[in-house]
Structures are given as C-alpha cells and as structure tokens.
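Structure first, then comments.
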Amino acid sequence: MEPRENWFTEFYGDAALMIKVRKKIFEGQTEFQHMQIFDTEFFGKLLVLDGKVQLTERDEGFYHEMLVHVPMFTHPNPRKVLIIGGGDGGSVREALKHNPDEIVMVEIDRKVVEFCREYIGVDKGALNDSRVTVLYEDGIEFVKSTNERFDVLIVDGTDPNPVSKSLVMGDFYEACARISDVFATQSQTPFIQQEYFRLILENTRGVFLNRRVYLGYVPTYPFGLWSYLLASNRDISLDGEEITQRYVERGVETVYYTPTIHVSSFVLPKWVADIVNAYS
Ligand code: SAM
C-alpha cells in the first residue's frame with residue numbers, strides 16, 4: 001500500500017502505523033540522520049528520525065517516565081546521572097524530578113536538540129537547568145573513555161542503525177557497568193523487533209550481575225508494547241513499599257508511572273519471559 005497524503009506512515013514490515021498530519025514543520029538531513037517534525041491532529045507534535053517515530057507530545061511521557069523513574073527509584077540516592085542519546089530532553093526532564101546534583105546528557109546529533117527545543121519543547125526548559133550539561137559527541141566513546149562515575153546511567157537511543165548500533169554492543173555495556181551503579185536502557189519491542197531485543201539480552205549477559213526486563217505501553221511505538229532493561233552489579237530487586245516510600249519522599253509527579261506500575265512492569269507475559277530466560 002502506498003503512503004496516503006497528509007498521513008505519516010511508519011511501516012513495520014507487513015503492518016504500519018498511520019497518523020494524520022496537520023502540517024509538516026520541518027524536514028531535513030542532519031549529519032547523522034533524516035529528521036522530520038510534524039504537527040498532528042491527535043498526537044500533537046511528532047518527531048521522526050530515519051522514518052521511525054521517536055516521540056509524540058501525547059505519549060512521550062509514558063516512555064520517558066518508565067525509562068527514567070524505574071532506574072532512578074531503584075537507586076537510594078541518585079546524585080549524578082548520565083543520559084546517552086535522549087536529544088529531545090524528555091529523559092533529562094524526568095531525571096530532574098529526583099533533584100540530582102548533576103545530569104550529563106551525551107547526544108551525538110546537535111540538530112535533534114536544537115530542533116526539538118525550537119519546535120516541540122519536550123524538555124520543558126530542563127536542558128537550560130544549571131545542573132544539566134549537554135555534550136555533543138558519540139555516547140559510546142564518552143562512556144568508554146570517561147573516568148567519572150555515575151549513580152544512574154540511562155540509554156535513550158534510537159533503534160540500532162549505523163550511528164546507534166554500537167549502543168547495543170557488549171563492549172559498550174561493559175563500559176557502562178564500569179562507570180555506573182544502576183543502568184537502564186530501552187530495549188525495543190520484543191513483539192516485532194525480537195532480533196534487537198535478543199541482541200541486547202545476549203550482549204548484556206555476564207556483563208551485569210543482575211538484569212531485569214520490564215514492559216510499558218507506548219501507543220506510537222510498534223504495536224504499543226515497549227521493553228526496557230534494568231541492570232546492575234547491585235541488588236535491584238526492590239519491594240513496593242520501598243519504592244512507594246522513595247516516590248513519596250522525592251515528590252515526583254507523573255502521568256503514567258506509579259510505584260504499583262513499577263512493580264507490575266516486571267511481570268512478563270510467558271512468551272516474553274521465555275525469551276528473557278533463554279539469555280539468563
Ligand atoms: N527512545 C526513542 C526511540 O527509540 O524512539 C529515542 C529518542 S532520542 C531522540 C534518541 C537519540 O539518540 C537521537 O537523538 C540520536 O541522535 C541519539 N543517538 C543515537 N546514537 C547515539 C550515539 N552513539 N551517541 C549519542 N547519541 C546517540
């Protein structure tokens with residue numbers, strides 16, 4: 001089927017997501033990727049990189065809250081946070097809710113940051129916060145070469161492509177384990193991108209002592225089912241009471257995340273648990 005005029009279409013092999021577009025705000029090629037920003041009827045502003053939905057205003061909170069709050073609440077006192085990718089600023093915005101001393105965001109593509117700030121504003125000013133440092137360089141090189149340590153390290157990267165492919169490689173994860181106490185990465189959808197999900201499980205095996213997969217719902221990501229990996233050399237099995245206490249103490253306001261969602265997100269459908277167990 002041909003894409004329809006006034007509709008953005010992302011093909012998932014033999015299926016597709018279609019979103020009615022009010023107006024195209026921007027389209028161009030950056031040094032690293034093809035970028036489009038649309039205004040849409042239902043989802044608000046839509047950011048697309050290399051033909052793939054990165055976020056919409058309507059559901060980006062679902063994704064960013066689960067990516068960020070699960071590792072941040074897992075840590076008893078996250079003072080120093082590293083975010084790899086995440087150029088739209090949504091992850092920084094959520095991490096700031098924990099009142100850390102410092103957040104470093106390493107985004108390879110300056111244009112993503114500039115255009116998201118200008119046309120979407122997802123960061124809600126977070127990238128201007130004095131505790132936030134934005135570095136424009138390859139996150140892989142940064143993690144491999146730094147001597148700094150971080151309480152929490154979050155990978156908010158694109159689907160594996162020539163630029164972000166190394167974000168799912170074993171030597172990158174080894175470097176992440178070396179510099180962080182608690183680690184989390186988005187790990188694609190296990191439903192139709194199983195090859196990426198499996199690759200992440202395979203390449204983190206033996207790197208972290210503890211790993212736990214959790215799931216969330218993001219309507220504009222393939223078929224809505226999204227996965228994340230929490231990993232650490234520390235114990236990361238918290239109970240609901242402890243998480244609730246941290247949630248209340250830190251006064252974090254959310255639209256999707258709750259301590260109950262946090263705990264339940266680790267309950268996996270059998271077919272997902274079977275995949276995860278194959279890489280234990
Ligand atoms: N989670 C969103 C998704 O999967 O749809 C990702 C959103 S965020 C916009 C992803 C960012 O990762 C992009 O801005 C991209 O430029 C950045 N990125 C990709 N590879 C990177 C790398 N090697 N180092 C730093 N940033 C990278």
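The values are calculated or read from the model by the stated rules, or taken from the named source; none is laboratory data. What you see is a predicted model, and the numbers here were worked out from it, not measured in a lab. All Cβ positions, glycine included, derive from the backbone under ideal geometry; neighbour counts span all protein chains shown. Just so you know, the surface numbers come from the protein's heavy atoms only, side chains and all, with ligands and any DNA or RNA stripped out. Shrake-Rupley method; radii C 1.70, N 1.55, O 1.52, S 1.80 Å.
Under the condition of being exposed (fewer than 15 other Cβ atoms within 10 Å of the Cβ) and within 13 Å of the ligand (Cβ to nearest atom), the residues counted in region 93-118 number 1. Test Ser237 against the stated conditions and say whether it is away from the ligand (no atom under 16 Å from the Cβ), in the same structural domain as Leu96 (by TED's automatic domain parsing) and modelled with pLDDT under 95. In short, yes.
Okay, residues lined up against (1) touching a residue at least 40 places away in the same chain (Cβ under 8 Å); (2) assigned to a loop (DSSP other than H, G, I, E, B); (3) touching a strand residue (DSSP E or B) at 6+ places or on another chain (Cβ under 7 Å):
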residue: Thr189; (1), (2), (3): no, yes, yes
residue: Ile192; (1), (2), (3): yes, yes, yes
residue: Leu199; (1), (2), (3): no, no, no
residue: Glu202; (1), (2), (3): yes, no, no
residue: Arg212; (1), (2), (3): yes, no, yes
residue: Leu229; (1), (2), (3): yes, no, yes
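If the condition is being open to solvent by 30 Å² or more (accessible area, probe 1.4 Å) and closer than 18 Å to Lys111 by Cβ, then region 52-73 contributes Lys52, Gln54. Among the conditions (1) under 17 Å from the mean Cα position of the chain (by Cα); (2) outside any loop (DSSP other than H, G, I, E, B), the only one that Thr158 does not satisfy is (2). Criterion applied to Ala175, Ala184 was being closer than 19 Å to Glu94 by Cα and within 13 Å of the ligand (Cβ to nearest atom), and the one residue passing it is Ala184. So for region 197-217 (the condition being near the ligand (Cβ under 10 Å from one of its atoms) and surrounded by 16 or more Cβ atoms within 10 Å (Cβ to Cβ)), does at least one residue qualify? Checked region 197-217: no residue is near the ligand (Cβ under 10 Å from one of its atoms) and surrounded by 16 or more Cβ atoms within 10 Å (Cβ to Cβ).
Any residue that is away from the ligand (no atom under 15 Å from the Cβ) and either assigned by TED's automatic domain parsing to the domain that holds Val263 or more than 18 Å from the chain's Cα centre (by Cα) (or both) - is there at least one of those in region 44-67? Scanning region 44-67 turns up at least one residue that is away from the ligand (no atom under 15 Å from the Cβ) and either assigned by TED's automatic domain parsing to the domain that holds Val263 or more than 18 Å from the chain's Cα centre (by Cα) (or both).
So which residues in region 132-145 are touching a helix residue (DSSP H, G or I) at 6+ places or on another chain (Cβ under 7 Å) and more than 13 Å from the ligand (Cβ to nearest atom), if there are any at all? Listed by number, the list holds a single entry, Val132.
Within region 74-84, one or more residues are among the charged types (D, E, K, R), open to solvent by 10 Å² or more (accessible area, probe 1.4 Å) and either at pLDDT 95 or above or within 16 Å of the ligand (Cβ to nearest atom) (or both). Since Tyr12 meets every condition but one in (1) touching a helix residue (DSSP H, G or I) at 6+ places or on another chain (Cβ under 9 Å); (2) at pLDDT 95 or above, which condition does it not meet? The failed condition is (2).
One residue stands out among those in region 231-241 that are more than 20 Å from the chain's Cα centre (by Cα) and in contact (Cβ under 8 Å) with a residue 12 or more places away in the chain: the one that is nearest to Arg212 (Cα to Cα), which is Ser237. Considering (1) open to solvent by 10 Å² or more (accessible area, probe 1.4 Å); (2) within 14 Å of the ligand (Cβ to nearest atom); (3) under 17 Å from the mean Cα position of the chain (by Cα), the lone condition that His34 does not fulfil carries the number (3).
For beta carbons closer than 7 Å, sequence separation of 6+ or different chains, a first residue in region 242-270 that is farther than 19 Å from Glu94 by Cα and a second that is assigned to a helix (DSSP H, G or I), the qualifying pairs are Leu268/Val276.
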